[in-house]
1. Taking F363 as the residue in question, decide whether it is more than 30 Å from F140 (Cβ to Cβ) and among the aromatic types (F, W, Y).
2. In the list M385, M393, which residue meets the criterion of being surrounded by 14 or more Cβ atoms within 10 Å (Cβ to Cβ) and closer than 25 Å to E149 by Cβ?
3. Can you run down the residue pairs with Cβ atoms below 8 Å, 6 or more apart or on separate chains, where the first is in segment 36-48 and closer than 16 Å to G85 by Cβ and the partner is among the hydroxyl-bearing types (S, T, Y)?
4. Any idea which of S30, S82, S98, S18 is open to solvent by 60 Å² or more (accessible area, probe 1.4 Å), hydroxyl-bearing (S, T, Y) and either in contact (Cβ under 8 Å) with a residue 12 or more places away in the chain or in contact with a Leu (Cβ under 8 Å, 6 or more places away or on another chain) (or both)?
5. Among (1) farther than 16 Å from K22 by Cα; (2) part of a helix (DSSP H, G or I), where does G85 come up short?
6. Taking the condition touching a strand residue (DSSP E or B) at 6+ places or on another chain (Cβ under 8 Å), surrounded by 14 or more Cβ atoms within 10 Å (Cβ to Cβ) and not basic (K, R), does L91 pass?
7. Taking the residues in segment 53-63 that are open to solvent by 30 Å² or more (accessible area, probe 1.4 Å) and in contact with a helix residue (DSSP H, G or I) (Cβ under 9 Å, 6 or more places away or on another chain) as candidates, determine which candidate is modelled with the lowest pLDDT.
8. Quick one: what pairs do we get from segment 303-325, first residue over 14 Å from K268 (Cβ atoms) and modelled with pLDDT of 95 or more, second open to solvent by 10 Å² or more (accessible area, probe 1.4 Å) and of a type in the set (D, E, K, R), C-beta under 6 Å, 6+ apart or different chains?
Amino acid sequence: MIKRESYLSRIRPFIDKSELIKVIVGVRRSGKSFMLELIKEELLEKNVAAEQMISINFEDMNYSSLTDAFALHAYLQDKIGSIKGRAYIFLDEIQEVSGWEKCVNSLRVNSDADIYITGSNAKMLSGEYATLLSGRYVEFTVYPFSFSEYCQARRDDCDNKNVSEYFNEYVKYGGLPFIATSLPDERAKAQYLKDIYASVVIKDIVKRNRLRDVDLLERIIAFVAANIGRTFSANSVSSYFKNEKRNVSVDTVMNYLNSCEKAFLFHKISRMDLEGKEILQVNEKYYLSDHGLRQATYGNNQRDIELILENIVCLELLRLGYRVTVGKNGSKEIDFVCDKDGKRIYVQVCYLLSSEKTEEREFSAYEGIKDNYPKYVLSMDEFDMSRNGIIHMNIKNFLLNFQKEQ
């Protein structure tokens, strides 16, 4: 069992703080339900009785009668009334409940209950009732396995492969927990990823946002998957479709992209002008929440290794809690400018520093930046090529060790 301590360490200070609702969000099958189980284990270790815990997974048809806020509230009030001491409530995929905010807020106000909820929609706290919870919740985003977690899961499964072999698997199939822990067969992995993709697209994007053109949505997703880490705008996507003899408005493209973001399929990374210190509103970059989904639907992860490595590093930085932007440094671009707790790091990613030209391009991106924050160039090269105070690291070493150094 992977403890996922990086998440637990953030959640732990809020356990038993019943005035705050704990909200866990992320793409489907990233491990949100498992985080609830880990929290229950923490409670049991604190001598909370199992009988004090109430758990509902709204993907379970047995609870379909509770997808109305009033029905759910009545059910939970009855359960709470039979518990001696504080109740601990775990509501999984809460977005399936109409008006859930009213129910949860009422329980927070009127019951001795510590409440934990999960959801697969990034905007579920921006509805008309969300003001009820304003300032009364803390939110945690759960991502698929990091490479470090993937290695731990594979080793726990009595696998004795080396790190490089694990990394090749990770590049191709991504970090969804079930892939790492339960599916050794490659065909099974591919089928699982396709099914998860279909679930995200149909249930979390098409159905929830009432999108009418599924074919267009899939074409937009394919465009983004092919252009990971490349700056583009909704206007450029619209122009691409016009060249394909299909008229798609910029507003429609924006609407479909936003819907994918809400379902955590993509993460949009804005650009920052490092000279003017302002966020630019054009030509953002998009990264997939799990690059394995790209392999299942678009293919060619190993062929497009440079794009996949950039995606892996971006998600790792988000996991570590950084606010990530793309840096515009005059005419040059820095892949990631990462801010957290008043500190900053800069990160460049490439496959190999295979020539003097490539090496110069990656290191010279930092020219003119006068601050003393750490600056990294990450690649698959095994030899240390650090120079002029710029730190070169192997990507595998960065993924396995950087968090320990923080």
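1. Working: more than 30 Å from F140 (Cβ to Cβ): yes; among the aromatic types (F, W, Y): yes.
Yes, satisfied.
2. Numbers: M385 fails: closer than 25 Å to E149 by Cβ.
Sole residue among the options that is surrounded by 14 or more Cβ atoms within 10 Å (Cβ to Cβ) and closer than 25 Å to E149 by Cβ: M393.
3. K40/S55; K40/Y88; L43/Y88; V48/Y88
4. Numbers: S30 fails: open to solvent by 60 Å² or more (accessible area, probe 1.4 Å); S82 fails: either in contact (Cβ under 8 Å) with a residue 12 or more places away in the chain or in contact with a Leu (Cβ under 8 Å, 6 or more places away or on another chain) (or both); S18 fails: open to solvent by 60 Å² or more (accessible area, probe 1.4 Å).
Testing whether each residue is open to solvent by 60 Å² or more (accessible area, probe 1.4 Å), hydroxyl-bearing (S, T, Y) and either in contact (Cβ under 8 Å) with a residue 12 or more places away in the chain or in contact with a Leu (Cβ under 8 Å, 6 or more places away or on another chain) (or both) leaves just S98.
5. The one condition G85 does not meet is (2).
6. On the way: touching a strand residue (DSSP E or B) at 6+ places or on another chain (Cβ under 8 Å): yes; surrounded by 14 or more Cβ atoms within 10 Å (Cβ to Cβ): yes; not basic (K, R): yes.
When the stated conditions are applied, L91 passes them.
7. Taking segment 53-63 and keeping what is open to solvent by 30 Å² or more (accessible area, probe 1.4 Å), we get 53, 55, 57, 59-63.
Now narrow it down to the ones that are in contact with a helix residue (DSSP H, G or I) (Cβ under 9 Å, 6 or more places away or on another chain): 53, 55, 57, 59, 63.
Details: M53: 98, S55: 98, N57: 97, E59: 90, Y63: 96.
Checked segment 53-63; the qualifying residue modelled with the lowest pLDDT is E59.
8. Qualifying pairs under 6 Å: Y322/K340.
The values are calculated or read from the model by the stated rules, or taken from the named source; none is laboratory data. These numbers were taken from a predicted model, which means no experiment stands behind them. Don't worry about glycine lacking a Cβ; one is built from the backbone with ideal geometry, like all the others, and counts go over all protein chains shown. For the accessible areas, the whole protein counts, side chains as well, though only heavy atoms, and no ligand, DNA or RNA atoms are used. Shrake-Rupley method; radii C 1.70, N 1.55, O 1.52, S 1.80 Å.
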